[in-house]
Amino acid sequence: MRPRPDAAVITNRRLIVVRHPLAAITLEDCQWRNVLSVHLKEGMMGTTFSVLDRNNHLVDIEDIPKEQIARLSQLSQEMRE
């Protein structure tokens, strides 16, 4: 288990993933116009949210609580339309 979980921020143009490895903070972002697919994989402890962009770059956000995954999925589908 990580000290702090990853977080996802959705805007009308981007998906931004905030990661907290050890003491630093890193950001990954994808523009919605470059997203090819969005997938959800449910597990026992949480859900993994995966985004594949046109450059074959895969962004995974692991262990998302089930309460939050429904809203994240809904917003990601709206942004892709």
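Kindly indicate the residue of the range 1-12 that is surrounded by 11 or more Cβ atoms within 10 Å (Cβ to Cβ) and assigned to a loop (DSSP other than H, G, I, E, B) and also modelled with the highest pLDDT among those meeting that condition.
Going through the range 1-12, the residues surrounded by 11 or more Cβ atoms within 10 Å (Cβ to Cβ) turn out to be 2, 4-11.
So of that shortlist, the ones also assigned to a loop (DSSP other than H, G, I, E, B) come out as 2, 4-6, 11.
Working: R2: 52, R4: 69, P5: 73, D6: 82, T11: 90.
Filtering the range 1-12 for residues that are surrounded by 11 or more Cβ atoms within 10 Å (Cβ to Cβ) and assigned to a loop (DSSP other than H, G, I, E, B), the one modelled with the highest pLDDT comes out as T11.
Mind counting the residues in the range 23-46 that are touching a Ser or Thr at 6+ places or on another chain (Cβ under 9 Å) and of a type in the set (S, T, Y)?
1
Report, by residue number, each residue of the range 1-12 that is under 17 Å from E78 (Cβ atoms) and touching a residue at least 24 places away in the same chain (Cβ under 8 Å).
A8, I10, N12
Within the range 16-37, does at least one residue satisfy the condition of being in a strand (DSSP E or B), open to solvent by 30 Å² or more (accessible area, probe 1.4 Å), within 16 Å of L75 (Cβ to Cβ) and touching a Phe, Trp or Tyr at 6+ places or on another chain (Cβ under 9 Å)?
No: the range 16-37 contains no residue that is in a strand (DSSP E or B), open to solvent by 30 Å² or more (accessible area, probe 1.4 Å), within 16 Å of L75 (Cβ to Cβ) and touching a Phe, Trp or Tyr at 6+ places or on another chain (Cβ under 9 Å).
Just to be sure I understand, how many residues within the range 44-59 are in contact (Cβ under 8 Å) with a residue 12 or more places away in the chain and open to solvent by 30 Å² or more (accessible area, probe 1.4 Å)? Break it down stepwise before answering.
Looking only at the range 44-59, we keep the residues that are in contact (Cβ under 8 Å) with a residue 12 or more places away in the chain, and these are 45-55, 57, 59.
Now drop any that are not open to solvent by 30 Å² or more (accessible area, probe 1.4 Å), which leaves 45, 48, 52, 54-55, 57.
Residues in the range 44-59 being in contact (Cβ under 8 Å) with a residue 12 or more places away in the chain and open to solvent by 30 Å² or more (accessible area, probe 1.4 Å): 6 in total.
I want to confirm something. Restricting to the range 41-75 and keeping residues that are part of a helix (DSSP H, G or I) and touching a Leu at 6+ places or on another chain (Cβ under 7 Å), which single residue is farthest from P21 (Cα to Cα)?
Only one residue tops the list, namely S73.
The values are calculated or read from the model by the stated rules, or taken from the named source; none is laboratory data. A quick note: this is a predicted structure, and the numbers were derived from the prediction, not measured. Cβ: placed from backbone, ideal geometry, glycine included. Neighbour counts: every protein chain shown. Side chains included, ligands, DNA and RNA excluded: accessible areas come from the protein's heavy atoms. Shrake-Rupley method; radii C 1.70, N 1.55, O 1.52, S 1.80 Å.
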